[in-house]
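Here's the structure, in structure tokens; my notes come after.
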Amino acid sequence: MEMVSETNEGNSKRIQVRFVTKLKASYKVPNTAITIPSHFHRLGLSSIVNKLLQAANSQWKTEPFDFLIDGELVRMPLEEFLLAKGISAEKTLEIEYIRAVAPRKEEEPSPHDDWVSAVDGSSPSFILTGCYDGLGRVWKQAGWCTHILEGHSGAISSVSIINSEGAGSATVATASKDQTLRLWKFDVEDSSEHPARIRAFKILRGHNASVHSVAAKTSGDMICSGSWDCTINLWRTNDTDTDGGTVSIKKRKVNDKVEEPQSEGEAVSSLVGHTQCVASVVWPQHETIYSASWDHSVRKWDVETGKDLSDIFCGKVLNCIDIGGEGSALIAAGGSDPTLRIWDPRKPGTSAPVFQFSSHNSWISACKWHNRSSVHLLSSSYDGTVMLWDLRTAFPLAIIDSHKDKVLCADWWKGDCVVSGGVDSQLRFSSDISIQ
């Protein structure tokens, strides 16, 4: 079979290819070799696969595909790719196709009263946001806010879902420029049309400056926080007053109703070593915390001893960090330059990144690995975009540009949706993203 392009077919060489896929049966094309022009790019290849699928199924709806040759995504004309990789064009070329990683739908945005500075999409049941108006908000879906978290006297800079399992109850944390963290509980099953206003059950005091980041331990019994005071504090999340220097506060009466008691907590311990703002923290393993700082370093901490186990210096202010990828071991970080860097700490003796992505043109505000993929992650930037990445190519898979100003935060939600917030005071939903 011979397939030709609509343009330039007379000037292009022909190569024989066979399309293969690991997708379900309805996505499979005949396993026969076909001849195509060598100048075909990804869009041309996608057009061919869609025509082959339509030939077998008249109801087939066209959709975009990506293509891999020897495990690497094709992001240039076939002829150039084969030349760059030293692959012979004389033999039949096997090309694997996958569904393109790009949002196929944009939901209606969820408005806030000020900049949306923080978002956590780690629970499939809800999304947690933090805002410069000092309020946290819980969203059941786009446009549906179920809870408003009241109490901070400054902008919220970071949020973290601690636990959303069991009996419909969720525990979350917020960090603020008012130098405190607060812990909150609410009923996930509450589906009222009007958001319930709740106050924190525990206030955590101990930082001497704005709290920039908060992250929960996987077990949910502790959180850690990074601050402009250059320290990382560790806190217990229990609501009793018997541990961690907790002090009870009396119940208060509001509208003739007695509210639940509120307590204050002190830090269990502090990790000291950074010399500038600790901009981002993550707690991916029981015994290990990672931090990124304006002092240009990524640090790995032993929770039990409080020791700094390793440092990576990149020469740039760092604003965000996440751990994931192969073996949940790769470190992704971004900051004041437009480069998203990824390190593999399992490779000793070098602090050089194993991957660098440089398509943004301003500060990187957030980065997040996909929790079901070892190669996919996202980044958001002050350039107003969210970019989706695959380690198998240096080019972004998709650029989400739905925001009208700086993007301050972004996360995955439910595995196939990106949620992001920014200076336009909107929480935006980019959904129906296929990750294989």
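The values are calculated or read from the model by the stated rules, or taken from the named source; none is laboratory data. Note that this is a predicted model, so its numbers are computed, not measured. Glycine also receives a Cβ, built like all others from the backbone with ideal geometry; neighbour counts cover every protein chain displayed. What goes into the accessible areas is simple: the full protein's heavy atoms, side chains included, and nothing from ligands, DNA or RNA. Shrake-Rupley method; radii C 1.70, N 1.55, O 1.52, S 1.80 Å.
Taking the alpha-carbon set of segment 330-436, what are its Rg and Dmax in Å?
Every Cα atom of segment 330-436 included, Rg and Dmax give 13.5, 44 Å.
Only four residue types carry charge here, +1 at the Cβ of Lys and Arg and -1 at the Cβ of Asp and Glu. Report the dipole size of the chain about the Cα centre in Debye, rounded to the nearest 20.
Working: 45 positive and 54 negative charges, 107 e Å.
Magnitude of the dipole: close to 520 debye.
As a test, work out the antiparallel percent of DSSP beta bridges whose residues both lie in segment 1-157, rounded to the nearest 5.
Numbers: 23 of 28 bridges.
Antiparallel bridges make up about 80 percent of those DSSP assigns within segment 1-157.
For helix 42-56, what angle does its Cα long axis make with the longest principal axis of the chain, in degrees from 0 to 90 and rounded to 10?
Helix 42-56 and the main axis of the chain meet at about 70 degrees.
Considering only DSSP states other than H, G, I, E and B, which GluC sites (Glu not before Pro) in segment 111-190 qualify as loop sites with at most 13 other Cβ atoms within 10 Å? Please list the in-between numbers first.
Values: sites: Glu150, Glu165, Glu189; in loops: Glu165, Glu189.
Within segment 111-190, the qualifying GluC sites (Glu not before Pro) (loop, at most 13 other Cβ atoms within 10 Å) are Glu165, Glu189.
List, largest first, the extents of the alpha carbons of segment 47-190 along their principal axes, each in whole Å.
Over segment 47-190, Cα extents along the principal axes are 68, 37, 30 Å.
So, by mean Cβ neighbours within 10 angstrom, what's the order for 294-301, 21-28 with the highest one leading?
Details: 294-301: 20.5, 21-28: 12.2.
In descending order of packing, they fall as 294-301, 21-28.
Could you state the orientation-averaged shadow area of the convex hull built on the Cα atoms of the chain, in nm² to one decimal? Before the final figure, lay out each step's value.
Numbers: hull surface 95.3 nm².
Answer in nm², one decimal: 23.8.
Can you give me the Cα centroid spacing of segment 344-397 and segment 325-343 in angstrom?
Value for the Cα centre distance between the two parts: 5 Å.
Ranked by accessible surface with a 1.4 Å probe, highest first, in what order do Lys140, Lys13 come? Before the final figure, lay out each step's value.
Numbers: Lys140 50, Lys13 140 Å².
Per-residue accessible area, sorted high to low, gives Lys13, Lys140.
So which GluC sites (Glu not before Pro) in segment 262-325 end up in coil per DSSP with only 14 or fewer other C-beta atoms within 10 Å?
Details: sites: Glu264, Glu266, Glu287, Glu304; in loops: Glu266, Glu287, Glu304.
Filter output for segment 262-325: Glu266, Glu287, Glu304.
Under a 5 Å amide H to amide H cut-off, with H placed in plane at 1.01 Å, what residues pair with Ser38 once short-range neighbours are removed?
Under 5 Å from the amide H of Ser38: Lys13, Arg14, Ile15.
Per residue of segment 266-274, what does 6.51 cos²θ - 1.76 cosθ + 1.60 with θ = phi - 60° give for ³J(HN,Hα)? Whole Hz please, x for Gly and Pro, Karplus curve as stated.
10, 5, 6, 7, 10, 9, 10, x, 5
Whose amide H sits under 5 Å from the amide H of Gln141, counting only residues 5 or more places off or on another chain, with H placed in the peptide plane?
Sorted by chain and number, the residues that satisfy this come to none at all.
What does the net charge come to around Arg299 if you take all other residues with beta carbon closer than 13 Å to its beta carbon, with K and R at +1 and D and E at -1?
Taking every other residue near Arg299 into account, the sum is -2.
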